[in-house]
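Asks: Pasting a structure here, questions to come.
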Amino acid sequence: MPTITTALASPEVWDDIQHALSGGGDGRSCQCVWPVLMNKEWQTTDVDQRTALFQQEVASDRPPGIVAYVDGEAAGWIRVGPRPAQRRLGRTRNIVATTREPLDDESVWAVSCFVVRKEHRGQGLNAALLAAAIDFARDHRARMIEGYPIDTTQTNVHVNELFHGALSTFLAAGFSATPSPKPERPLVTLDIS
């Protein structure tokens, strides 16, 4: 069995985060800033600009996520933090139509992105990342965590589309699902108050 460990994002693990993001999928080009940028901002940035934005965020006093390691090698990433700081979420129709929480509530945190390197998929990294995210949110006095996964039993998805996470991962961690206008995209919540 491989040993899975996690670390909060910080300048000290910047290279590890980059390694985790570059192992397949869109992580390298996205730089996990898609949730914090509005469409117009996203469309007018390139990879270098997104990397600079993400690096500033990682160097801030609020880590934007957690990096996972398999036997010491950076292998995965999760974005987690207060939902209002992830500005795109408050403008996403499916989320706005489904959430029961005020969109400006800083005590509501969101899990908005998972990335796992190809060679480490299928080893339970998403579950480990989600568990670490729950602990991080609880330690920072979050009241509720939301996620926006894909129900893989409702639709066929390409692996790159699973950056939202799979519904089964959230349910296994104790989240409850709320149906949304898009049956394949429920909103999930976990009360950690």
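The values are calculated or read from the model by the stated rules, or taken from the named source; none is laboratory data. Values in this document were obtained by computation on a predicted structure and should not be read as measured data. With ideal geometry, Cβ positions are generated from the backbone for all residues, glycine too; neighbour counts draw on all protein chains shown.
Asks: Quick one: in the stretch 52-61, of everything that is without any contact (Cβ under 8 Å) to a residue 24 or more places away in the chain and of a type in the set (S, T, N, Q), which residue is nearest to ALA9 (Cα to Cα)?
Replies: Here the answer is SER60.
Asks: Next up: Name the single residue, out of those in the stretch 1-14 being assigned to a loop (DSSP other than H, G, I, E, B) and at pLDDT 95 or above, that is farthest from VAL116 (Cα to Cα).
Replies: Ranking the qualifying residues of the stretch 1-14, first place goes to SER10.
Asks: If you don't mind, another one. Does ARG138 meet the test of being within 30 Å of ASP61 (Cβ to Cβ), among the basic types (Lys, Arg), within 14 Å of the chain's Cα centre (by Cα) and part of a helix (DSSP H, G or I)?
Replies: It is false that ARG138 is within 30 Å of ASP61 (Cβ to Cβ), among the basic types (Lys, Arg), within 14 Å of the chain's Cα centre (by Cα) and part of a helix (DSSP H, G or I).
Asks: Something else now. Here's a check for you: in the stretch 141-186, which residue that is part of a loop (DSSP other than H, G, I, E, B) and acidic (Asp, Glu) is nearest to the chain's Cα centre (by Cα)?
Replies: ASP151
Asks: In the stretch 150-170, which residues are more than 19 Å from VAL67 (Cα to Cα) and surrounded by 17 or more Cβ atoms within 10 Å (Cβ to Cβ)?
Replies: Selection gives ILE150, ASP151, LEU167.
Asks: Can you name every residue in the stretch 15-36 that is under 23 Å from ARG87 (Cβ atoms), of a type in the set (A, V, I, L, M, F, W, C) and in a helix (DSSP H, G or I)?
Replies: Of everything in the stretch 15-36, those that are under 23 Å from ARG87 (Cβ atoms), of a type in the set (A, V, I, L, M, F, W, C) and in a helix (DSSP H, G or I) turn out to be ILE17, LEU21, CYS30, TRP34, VAL36.
Asks: Which one of the conditions (1) surrounded by 19 or more Cβ atoms within 10 Å (Cβ to Cβ); (2) more than 21 Å from ILE134 (Cα to Cα); (3) touching a Pro at 6+ places or on another chain (Cβ under 7 Å) does ALA9 fail to meet, given that it meets all the rest?
Replies: All conditions pass for ALA9, except number (2).
Asks: Would you confirm whether or not the stretch 40-50 contains a residue that is part of a loop (DSSP other than H, G, I, E, B) and buried (at least 20 other Cβ atoms within 10 Å of the Cβ)?
Replies: no
Asks: Restricting attention to strands (runs of 3 or more DSSP E) lying wholly within the stretch 65-135, give those where 2 or more residues are without any contact (Cβ under 8 Å) to a residue 40 or more places away in the chain and crowded, with 16+ Cβ neighbours inside 10 Å.
Replies: By residue number, 108-116.
Asks: Condition first: closer than 20 Å to GLN123 by Cα and at pLDDT 95 or above. Now tell me which residues in the stretch 19-52 satisfy that.
Replies: HIS19, ALA20, LEU21
Asks: Is it true that some residue in the stretch 154-162 is more than 22 Å from SER22 (Cβ to Cβ) and touching a residue at least 24 places away in the same chain (Cβ under 8 Å)?
Replies: Checked against the condition, which is being more than 22 Å from SER22 (Cβ to Cβ) and touching a residue at least 24 places away in the same chain (Cβ under 8 Å), the stretch 154-162 yields at least one hit.
Quick grid of which residues meet (1) over 17 Å from the mean Cα position of the chain (by Cα); (2) closer than 24 Å to ARG28 by Cα; (3) among the aromatic types (Phe, Trp, Tyr); (4) modelled with pLDDT of 95 or more:
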| position | (1), (2), (3), (4) |
| --- | --- |
| ASP104 | yes, no, no, yes |
| VAL108 | no, no, no, yes |
| GLY122 | yes, yes, no, no |
| LEU129 | no, yes, no, yes |
